[in-house]
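The next block holds one structure in the form of structure tokens; read it before the comments.
The values are calculated or read from the model by the stated rules, or taken from the named source; none is laboratory data. Because the structure is a prediction, the values reported are computed rather than measured. Here the Cβ is made from the backbone with ideal geometry for all residues, glycine too, and neighbour counts use every protein chain on show. All accessible areas refer to the heavy atoms of the entire protein, side chains included, with ligands and DNA or RNA removed. Shrake-Rupley method; radii C 1.70, N 1.55, O 1.52, S 1.80 Å.
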Amino acid sequence: MDVLLPLAQAASGVTDDGLKSIALGIGAGLGSIGAGIGIGIIFGKEIESVARQPELKDELQSIRWLGFALTEAVAFYTFIFGLIAFFL
Amino acid sequence: MSTKRKVLIGLLLYFAITAILILVVGNEGKNDEFQPQNEFLLTPWIAINIAGIDFSITKAVLYLGLASAATIASMTFIASRMQREPNKVQMAVELAYDLTRDNITRGNIPDQKLARRWFPYLAGLFFFIWFSNMLGYLPLPTNTEHKVDIFGLAVPTLAIYAATANISIPLALALVSTAIYHIEGIREKGFFKYFASWLPGGLEDMNVFGKAAIFSIEAISHLVRPISLSVRLFANILAGHLLILFMAGGLAVLLGFAALGALTFPMAFAFFVFEIGLVATLQAFIFSTLTAIYIGGATAESH
């Protein structure tokens, strides 16, 4: 319990803005986890497919970028919703 | 010297500079005077107010005009002096033209007549968003909040901003795209048949309630399309600008912690290269590709 005492003391100075900042940070960070895993899967699968069928490389390339951009956007949705929560 | 040692020495130098700066400068405490986030503030330069609606000329309007002018001027200039043996610029533009025609339009709209009809819009969308994104990474003297004195002339300080970093422009483009694919679908199939075609195939045996449930899910997905289309572009460009701004010194200034600047400044370069090399082009490509996919999907024979 002694370890938690400084934390509790620090918590007495908590402001609304501080809590909102923490919420924004946690929200955007958690959102990035999913997008990160998704992007990893997309590129991994693409490498796998090209290794199996190298003649499809050009066709897969445009699909890969489409998937990458769609997945990457998910991280930004959480970021935008975090910003909305922060400023409202 | 081996590569491993060179990398190690580089990294050590990188952290040593930061450590020395921490020792020399230290922490000056939180700074409340200068607010880097004002970079995104839109101060009206020429206030215009018609019937209670704000039509003021702001930074965003300037960037919008610049992007439109750059798109029209560069495309007409290149088209008017086409040569049989193209130079490098013409080659690059022809490559982009081929990408918009073959890959984006014809690859996603199977009907050739429809593809020819909507190719100008899709290509225009691609080039306009591309120019708008790229102009966003060019520092222009648009920050009227702070002036810098150059030979007795008060010039606004350099700032980066993009028309697409403002939600209203991507939203307008997305709404136009949404309206187009709905209208095109209704024209192709007829009003009720188009909405009936939202239901995926293979549901003939389902009862009415199941069909209604699936139809409402499809309706939600159609409603969300303009939002996701606009927020994707807007958030990508805004986040890129925020990252460059904070890494290039905004974070150090905001926290009054100069040593942090040495640590984050190289990252600003990395993000800048990433944004210019990948995100600017990719987002333009995605926006027009998705519009083409929506048009192709709305007019396809079977869902």
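Tabulated data for the structure shown
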{"quantity": "Residue of B:L11, B:L125, B:L242 that the Gaussian network model of chain B assigns the largest fluctuation, springs spanning Cα pairs under 10 Å", "calculated": "B:L11"}
{"quantity": "Exposed trypsin sites (Lys or Arg not before Pro) absent: longest stretch of chain B, with sites in DSSP loops and at most 11 other Cβ within 10 Å deemed exposed", "calculated": "B:85-303"}
{"quantity": "Shielding by partners - mean other protein chain Cβ count within 10 Å, residues of B:282-291", "calculated": "3"}
{"quantity": "C-alpha center-to-center spacing [segment B:116-183, segment B:243-303] in angstrom", "calculated": "14 Å"}
{"quantity": "Cα pair distances in segment B:1-141, grouped into 5 Å bins until the bin that holds the longest one, percent each", "calculated": "2, 7, 10, 10, 10, 10, 9, 9, 11, 10, 7, 4, 2, 0, 0"}
{"quantity": "All lysines inside 28 Å of A:K20 as judged from Cα atoms, apart from same-chain residues fewer than 8 positions distant", "calculated": "B:K30"}
{"quantity": "Under 5 Å, built H, 5+ apart or other chain: amide partners of B:G256", "calculated": "B:N31"}
{"quantity": "When each of B:K113/B:K193; A:K57/B:K193; B:K6/B:K88 is checked by Cα-Cα distance, pairs over 29 Å", "calculated": "A:K57/B:K193; B:K6/B:K88"}
{"quantity": "Derived scalar couplings ³J(HN,Hα) [segment A:76-88; Karplus, 6.51 cos²θ - 1.76 cosθ + 1.60; whole Hz; x for Gly, Pro]", "calculated": "6, 4, 4, 5, 5, 5, x, 5, 4, 4, 5, 8, 8"}
{"quantity": "Per-selection Rg to Rh, chain B - Cα, Kirkwood hydrodynamic radius", "calculated": "1.07"}
{"quantity": "GNM top mover of B:A213, B:A280, B:A165 - chain B, alpha-carbon springs below 10 Å", "calculated": "B:A213"}
{"quantity": "Accessible solvent surface per residue of the protein assembly as shown, calculated while the other protein chains remain in place, 1.4 angstrom probe, Å²", "calculated": "60 Å²"}
{"quantity": "In order through segment B:174-190: 3J(HN,Hα) via Karplus (6.51 cos²θ - 1.76 cosθ + 1.60), integer Hz, x for Gly, Pro", "calculated": "5, 5, 4, 4, 4, 4, 4, 6, 5, 5, 5, x, 5, 5, 6, 10, x"}
{"quantity": "Solvent exposure ordering (accessible area, 1.4 Å, most first) of B:E94, B:E204, B:E184", "calculated": "B:E204, B:E94, B:E184"}
{"quantity": "For segment B:211-255, residues shielded by at least 10 square angstrom of accessible area compared with the chain on its own, probe 1.4 Å", "calculated": "B:S228, B:V231, B:R232, B:F234, B:A235, B:N236, B:L238, B:A239, B:L242"}
{"quantity": "Sparsely packed chymotrypsin sites (Phe, Trp or Tyr not before Pro) within segment B:40-77, loop by DSSP, other Cβ within 10 Å at most 14", "calculated": "B:W45, B:F55"}
{"quantity": "Averaged over A:63-69, number of beta-carbon atoms from partner chains that fall within 10 Å", "calculated": "4"}
{"quantity": "Sulfur and carbon atoms: percent of accessible area, segment B:99-218 [1.4 Å]", "calculated": "69 percent"}
{"quantity": "For the protein assembly as shown, projected area of the alpha-carbon convex hull averaged over all directions, nm²", "calculated": "32.5 nm²"}
{"quantity": "Accessible surface buried once B binds A (1.4 Å probe; total of both sides; Å²)", "calculated": "1300 Å²"}
{"quantity": "Of B:L238, B:L290, B:L278, the one that fluctuates the most in a GNM where chain B has Cα springs shorter than 10 Å", "calculated": "B:L278"}
{"quantity": "MRE, 222 nm, helices only [DSSP H, n ≥ 4, -39500 (n - 2.57), over chain B, to nearest 500]", "calculated": "-21000 deg cm²/dmol"}
{"quantity": "Per-residue mean of C-beta atoms belonging to partner chains within 10 Å, peptide A:45-58", "calculated": "0"}
{"quantity": "Those lysines that a straight Cα-Cα span of less than 23 Å connects to B:K147, excepting residues fewer than 8 apart in one chain", "calculated": "B:K59"}
